[in-house]
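Working notes, structure below.
Bear in mind that the values in this text are calculations on the coordinates, not laboratory data. This is a predicted model, so every value here is computed, not measured. Here the Cβ is made from the backbone with ideal geometry for all residues, glycine too, and neighbour counts use every protein chain on show.
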Amino acid sequence: MTDQTAYNFAYLDEQTKRMIRRAILKGVAIPGYQVPFASREMPMPYGWGTGGVQVTSACLVPEDRLKVIDQGADDTTNAVSIRRFFQRTAGIEVTEATADATVIQTRHRIPETPLTEGQILVYQVPIPEPLRFLEPRETETRKMHELEDYGLMHVKLYEDISRHGQIATAYDYPVKVEGRYVMDPSPIPKFDNPKLGGNAAIQLFGAGREQRIYALPPYTQAISLDFDDYPFTASKADHACDLCGAPDSYLDEVITDDQGSRMFVCSDTDFCGSRRAAGHIGPMGTPSAGG
Amino acid sequence: MSILAKMKMQPLLSVRDLAKFYGGRIGCADVGFDLYPGEVLGIVGESGSGKSTLLSCLAGHLAPDRGEVIFDTKEGLRDTVLMAEAARRRLARTDWAYVHQNPRDGLRMGVSAGGNVGERLMAVGARHYGQIRDAAVDWLGRVEIAADRVDDRPSAFSGGMQQRLQIARNLVTGPRLVFMDEPTGGLDVSVQARLLDLLRGLVREMGLSAIIVTHDLAVVRLLADRLMVMKGGYVVEQGLTDQVLDDPQHEYTQLLVSSVLQV
């Protein structure tokens, strides 16, 4: 282990954090607008959450309690290594309990437990531009945002319905923020989309490789795009959690053997564990399993 | 409609002293004309004569260096050169249409025919899938594309079908002015003839005004009421189509008319 005092608090130098905070403030002031920032090289590859880590680093204060989740789980490689990164470079407290955390960095999920005022949710974003796969030119997509020229977003949904009979976009589902900017919510399942709008926490989005930061301040309106006759639906696997029995949480499907047996479990491990600790037991759960 | 009746009407588009320079070279210069509702104007000339530059300036794709382009918008007469980009794009989505020479430039090749036709509707706020799809199928029928091709991508269409799809996609919002850049270029003659028939029908039926850039005199003979002949960036002759083609005054027009191959 290297000498910990060689690092500034939370790894980044103060000037860089200052620059990122300015971008965050601008993002909060213009909800849904993608603010360019000078993304730094981080000691991890692009695609592992460099954007989220930089935003988290700029937000952290020594009193913070950090939670990191990857696909809802606290114990996957990405979550564990980012959590350890901040433990080592910032010496802050960490937690797995959603309610106890002040800053939560997430990849691909919003926690099931409702967030509260004062919490900050930091998303890792691979591609911040919702129009990117429809219009490859950056100059043109910026122009489209400027002029609110969003007809193309619905062309994508139209294509979904004409090809699949329904809106087949299941994650990365675009939202319109406060009737102005169309925003990419990062690849969260569309099940989580209703939690974006009116959320009590500050939601910050960091895209390291693409060098963009954007934000949803607390209680901001975020409406999922849809058609009048094909309204948005927050879908999930039609099942209850096999461990904790929760009927309304987002589920992962786990293949358990080579004969095709499977089980459905909550993707949010903290939510599932605390339910089991409170005595809720699903068909395959054991009372002894705790959170 | 008689010419006299048209004279009393407000022009849909009036162009004054329009000029566009590429550095020291002239793209087009000293262009001025009035286009009345329901009128079709042909612009002919050889390659490099400034036809496409002029059309791009009129349609707002290029910013002219001088002159004004007054369009009769729903809010009254407006100079589209001075207009804000947002307002100009709104015009381009509603009152205007632009048919490219190459349908690949005007279509989204990765999107189904129905999506292509529906895009303009969605851009102006249509949010009902069933209605958008009905409109798309209706328009495919009007340009003679079978309804069962609505979910096929344009890449599965022949060149003539792609061009007709591009026309359907442009006309679905009921524009008042259509810009066409060599709409029949690259099509074989029998397909050209059918497309011209179709265009003539649509223009008459919808009462469209159109500006057609072409180097094919047969196209303007069939479609255009009036004709402008360009050379070296300047308009050298303009007048009624039959008059210009049957009794050309300028030497370049005479050359152009006499160059047409007779079968």
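A simple spin-label model places pseudo-atoms 7 Å from Cα toward Cβ; at A:I255 and B:S155 they are separated by 3.0 nm. Here's the picture: charge each Lys and Arg Cβ at +1 and each Asp and Glu Cβ at -1 in the protein assembly as shown, and of A:S162, A:G273, B:G23 the one pushed furthest to the positive end of that dipole is B:G23.
If I stretch the segment between B:M206 and B:I26 completely, what's the gain in nm (0.36 nm per residue apart, minus their alpha carbon distance), one decimal? Numbers along the way, then the final one.
Details: separation 180, 0.36 × 180 = 64.80 nm, distance 3.59 nm.
Working it through step by step, the gained length comes to 61.2 nm.
How much length, in nm to one decimal, is gained on full extension between B:S258 and B:E75, taken as 0.36 nm per residue of separation minus their Cα-Cα distance?
On the way: separation 183, 0.36 × 183 = 65.88 nm, distance 4.53 nm.
So the chain would gain 61.4 nm between B:S258 and B:E75.
For chain A, a crude dipole built from +1 on the beta carbon of Lys and Arg and -1 on the beta carbon of Asp and Glu, taken about the Cα centre, is about 780 debye to the nearest 20. Using Cβ point charges alone (K and R +1, D and E -1), the dipole size of the stretch B:174-239 about the Cα centre works out to roughly 180 debye. Projecting the Cα atoms of A:P111, A:M183, A:N8 onto the charge dipole of chain A, computed from C-beta unit charges around the Cα centre, puts A:N8 farthest toward the positive end.
State to the nearest 20 debye the size of the charge dipole of the stretch A:1-116 about its Cα centre, where the only charges are +1 on K and R beta carbons and -1 on D and E beta carbons.
Values: 13 positive and 13 negative charges, 95 e Å.
Charge dipole of the stretch A:1-116: 460 debye, to the nearest 20.
From the C-alpha coordinates alone, can you work out the Kirkwood hydrodynamic radius of the stretch B:32-110, in Å? Could the numbers behind the result be given before it?
Numbers: mean 1/r = 0.0704 Å⁻¹.
So the Kirkwood estimate lands at 14.2 Å.
Only loop residues by DSSP count here, and only those with at most 14 other Cβ atoms within 10 Å; note down the GluC sites (Glu not before Pro) in the stretch A:56-97 that meet that.
Numbers: sites: A:E63, A:E93, A:E96; in loops: A:E63, A:E96.
Those that pass, being in a loop and sparsely packed, are A:E63.
When A:I202, A:I281, B:I70, A:I255 are sorted by how many other C-beta atoms sit within 10 angstrom of their C-beta, beginning with the fewest, the order is A:I255, A:I281, B:I70, A:I202. Efficiency by 1/(1 + (r/R0)^6): what FRET value for A:A278 and A:R209, r their Cβ-Cβ distance, R0 = 35 Å, to the nearest 0.05? Efficiency for this residue pair is about 0.30. With each label modelled as a point 7 angstrom along the Cα→C-beta vector, the A:Q87-B:R221 pair spans 8.6 nm.
Between A:Q15 and A:I127, the modelled labels are 3.5 nm apart [label points 7 Å from Cα along Cα→Cβ]. For the protein assembly as shown, the share of DSSP beta bridges that are antiparallel, to the nearest 5, is 55%. The per residue volume of the convex hull around the alpha-carbon atoms of the stretch A:204-291 is 201 Å³.
Number of Lys-Lys pairs in chain B with C-alpha atoms under 23 Å apart and a separation of 8 or more places or on different chains: 5.
Would you mind ranking B:R93, A:R180, B:R169 so that the residue whose beta carbon has the fewest other beta carbons within 10 Å leads the list?
Values: B:R93 18, A:R180 14, B:R169 28.
By the 10 Å Cβ count, ascending, the order reads A:R180, B:R93, B:R169.
Here are some pairs, A:K143/A:K176; A:K26/A:K190; A:K67/A:K236; A:K143/A:K195; which of them have Cα atoms lying more than 22 Å apart in this structure? With Cα atoms farther than 22 Å apart: A:K26/A:K190; A:K67/A:K236; A:K143/A:K195.
Enumerate by residue number the GluC sites (Glu not before Pro) in the stretch B:77-157 meeting two conditions: DSSP loop (anything except H, G, I, E, B), and at most 16 other Cβ atoms within 10 Å of the site's Cβ.
Values: sites: B:E85, B:E119, B:E144; in loops: B:E144.
In loop regions of the stretch B:77-157 (DSSP not H, G, I, E or B), the sparsely surrounded GluC sites (Glu not before Pro) are B:E144.
From other protein chains only, count the Cβ atoms within 10 Å of every residue's Cβ in B:120-131, then give the mean.
Values: counts 1, 3, 10, 6, 1, 2, 5, 8, 4, 12, 5, 3.
That works out to 5 on average.
The trypsin sites (Lys or Arg not before Pro) of the stretch A:190-238 meeting both criteria, a DSSP state outside H, G, I, E and B (loop) and at most 15 other C-beta atoms within 10 angstrom of the site's C-beta, are A:R209. Note on chain B: with a GNM built from Cα contacts shorter than 10 Å, the maximum mean-square fluctuation among B:A123, B:A84, B:A29 falls on B:A84.
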